[in-house]
Amino acid sequence: MVAYVRFGSVPACRGRGWIFNLATCYARPNGRVRPGADISRSFKTHSLRIKLERECIASFVSEKSATPVQLSAAERAVVVQSLNDRLNVDVEAQMPWDAVDAPYGVQTASGWKLVPMFVGTASCLLFSACATSIWRFTNGAELLLFLEASPPFEFYICDEQATYLLCCNDHDFVIGWGRSVEWVRQLKTS
C-alpha cells in the first residue's frame, strides 16, 4: 500500500518502508535520513536523483554480495541504441512512458513485484531514468531481492537482445514495449 504524504515542502509517496519524493529524498517513515544519502535543503535536481539511484544499486551489490554487474560505457551505448532501433524507445529521455506513442500501462501497486516474474530465469538489465548506468542481473529472483531492498524508484528492465522493455514508474504503472506488451495487458485482467 502506498500512501501519499508531504515530506518537507515536496510531495512524496510512502512505500516499501521508505519515503520517496520528486527530489529523491530517501528517508524512513520515522523521518531519519537513510545512511549515506546526500540530502540538502534545496530541491534536488534530476541528476542528483539519478546519482542516488545508481548509488542504491551499487550499495545493494556490495552489501548483499550479489552478482549484478554494471555494464561498461560501450555496452551501455549498445543497449540504449538497440532499444531505440528495435522498440523505438529513447530510454535516455525523461519519462519515455509518457511519450505520445508509448503503450498504455496498467496501474498496480505491486507491479515492482510482478516484473521479476516476467523475467523468470533469464538474465535481465536494469536501469533507472535516463539509463545513465545499466546493471545486469542473473535472473528475476535476484532482481526481486534488489527491488525488495531498495526504495521505490522509476526503473526499466529489458533483455540484452532488446526484445522487450518493462517500466515501473513512480505512479505505480507498469508499461511494456515489444514482447512484454501482451503480458502487461494480461495484468489488467488478472
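In what order do Y164, Y156, Y104 fall by count of nearby beta-carbon atoms within 10 Å, going from fewest to most? Before the final figure, lay out the partial values.
On the way: Y164 22, Y156 25, Y104 12.
Ascending number of Cβ neighbours within 10 Å: Y104, Y164, Y156.
Report the Stokes-Einstein translational diffusion coefficient (µm² s⁻¹, integer) for the range 67-189, Rh taken as the Kirkwood radius over Cα pairs, at 25 °C with viscosity 0.890 mPa s. Write out the running numbers ahead of the final one.
Working: Rh = 14.1 Å.
It comes out at roughly 174 µm²/s.
Between A109 and S123, with labels modelled 7 Å along Cα→Cβ, what's the label distance in nm to one decimal, could you check?
So the two model labels end up 3.6 nm from each other.
Along the range 125-130, what does the Karplus equation 6.51 cos²θ - 1.76 cosθ + 1.60 (θ = phi - 60°) give for ³J(HN,Hα), rounded to whole Hz, x for Gly and Pro?
These are the phi-based 3J(HN,Hα) values: 10, 10, 8, 9, 3, 6 Hz.
When the chain is fully extended, how far beyond the present Cα-Cα distance does E148 get from A102, taking 0.36 nm per residue of separation? Intermediate results must be reported in sequence, preceding the final value.
Numbers: separation 46, 0.36 × 46 = 16.56 nm, distance 2.71 nm.
Contour length minus Cα-Cα distance gives 13.8 nm.
Tell me, how many Å apart are the Cα centres for the range 62-112 and for the range 123-151?
If you average the Cα positions of each part, the centres end up 10 Å apart.
Could you compute the FRET efficiency for K188 and S72, with r as their C-beta to C-beta distance and R0 at 45 Å, rounded to 0.05?
Numbers: r = 38 Å, r/R0 = 0.84.
Given R0 = 45 Å and the Cβ-Cβ separation, E is 0.75.
Read-outs throughout are calculated quantities, based only on the coordinates presented, and are distinct from any laboratory measurement. What you are looking at is a predicted structure, and each value in this text was computed from that prediction instead of being measured. No Cβ is skipped: glycine too gets one built from the backbone with ideal geometry, and neighbour counts run over all protein chains shown.
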